[in-house]
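Structure record follows, encoded as structure tokens.
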Amino acid sequence: MLRFHLPCAAALIQLILAGSGLQPALAQQPAEKQSSGPPPQSEGVPRTLTPQDYPAWNISNDAQTLITEALKGGDYQYVENTLAKLIEQNPNSPQLLTFLARVFFLDNKPLNCAIALKKAEKLGPLKESEQFTLALCYVILKRLDWAADEFERLAHSYPGNALYPYWQGRIAYDNYAYAEAVARFNKALRLDPEMVRAYDNLGLCYEGMSDNQRAVENYERAVTLNRSKSPSSPWPPLNYGMLLLKQGSLEQAEPLLQEAARLGPGLAQARCQLGVLLAKQERHADAIAELQKAAELDPSYPQPHLTLAHVYRRLGEKGKAEAELAAFQKLKQAQEDQDKQTGATPPGEKRPK
């Protein structure tokens, strides 16, 4: 039976480069830094999964009905298994492979998604949306060099789409290439002058370059534009609020962090930063509530536990402080271990061309 579940990025290399003679270069992983925006998982695949020409495919009506119902119910594993069996029967169907890739992406399996797309690419050129999804998979897998190549091809093939220079800027920012990132985001804004996240990321770049005046100008532009959009994003007020928080401007930061928490009720970072602010204001009960909510929203997120440890220490609750510090250290180590595994590259291999 066709198998797509693999333990780490190394397996992706083995599958997509089989017989190519190419070897992937080692990639330097940037240190942890302020997030440059929403994760790639939030875009890349249309929410309507069923392809328009789906009924014309060589699939029985019963199978089509079962797949459609499983998708509606969110039973991605059933759909993945069913499509894998259909691909075994028809291995030269790029439609089945790209359909399977969509499901993998929504099921938070970027490695499997990339494998399916690379298999489909061997049968024929990928569509623009499929190539974009492949690039996002590489971003999630922390293969920024591979992602950069895909976005360069997309930007060349579709020069009027602001999304591609934007993502090139995201990659440059993550590699600490702030000047290059600024150029990419400005290019995106020339194509789309109201691209909120390009202004937001310009703010991050200038902040990284210690040019806080320009950072504030771009954050303010992002926040203002963001309020006119529907839906609005929590990221511009969050990033601006974090800069003000670092500068000690707590009164200015609070409404922005409250706005971020309101716009992103499931965003752990917004709750955490609001908790940090409340802790600085010695509003301990409110801070604890926000930090506990952040930890609940994202159980793998270390930062809320560290701030909770500080708060409990101030309150003289030594046992709780030690427990939160231990939780922080455990999650931080797990995060570092996962980053190493995700970015692992077998010796002597090159990236695909």
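All of the numbers you see were taken from the coordinates with simple rules; none came from a lab. Everything numeric here is computed off the predicted structure, so don't read it as measured data. As a convention, Cβ positions derive from the backbone with ideal geometry for all residues, glycine included, and neighbour counts pool all protein chains shown.
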Rounded, prolate or oblate: pick one for the stretch 111-194, where a ≥ b ≥ c are the square roots of the eigenvalues of its C-alpha gyration tensor, a/c under 1.5 means rounded, and failing that, prolate if a/b is larger than b/c, else oblate. oblate
Can you tell me the length gained on complete extension of the stretch residue 123 to residue 78, counting 0.36 nm per residue apart and subtracting the Cα distance? 13.7 nm
Farthest toward the dipole's positive end in the stretch 150-309, which of 291, 155, 264, given Cβ charges of +1 (Lys, Arg) and -1 (Asp, Glu) about the Cα centre? 155
For a quick protection proxy, order the peptides 222-233, 143-154, 326-337 by their average other-Cβ count within 10 Å, most packed first. 143-154, 222-233, 326-337
For the stretch 45-158, what log10 I(q)/I(0) values come out of the Debye formula at q = 0.15 1/Å, with one point per alpha carbon and no solvent? -0.64
Hey, can you rank 196-205, 113-122 by average C-beta count inside 10 Å, highest first? 196-205, 113-122
In the stretch 61-104, taking the dipole from +1 charges on Lys and Arg beta carbons and -1 charges on Asp and Glu beta carbons about the Cα centre, the listed residue (73, 98, 63) farthest towards the positive end is 98
Need one number: nm distance between label points at residue 186 and residue 92, each 7 Å from Cα along Cα→Cβ, rounded to one decimal. 5.1 nm
State log₁₀ I(q)/I(0) for the stretch 219-296 at q = 0.26 Å⁻¹ as given by the Debye formula over alpha-carbon point scatterers of equal weight, solvent excluded. -1.17
Peptides 251-258, 287-294: what's the order by average Cβ count within 10 Å, highest mean first? 287-294, 251-258
Using a 7 Å offset from the Cα along the Cα-to-Cβ direction at both residue 289 and residue 214, what is the distance between the two label points in nm, to one decimal? 4.1 nm
Cα gyration tensor shape of the stretch 230-352, rounded if a/c is under 1.5, else prolate or oblate by comparing a/b with b/c: oblate
HN-Hα couplings for the stretch 102-112 via Karplus (6.51, -1.76, 1.60; θ = phi - 60°), in whole Hz with x for Gly/Pro, come out as 4, 5, 4, 5, 5, 8, 6, 10, x, 5, 5
If each of residue 60 and residue 332 carries a label point 7 Å out from its Cα toward its Cβ, how far apart are those two points in nm? 5.7 nm
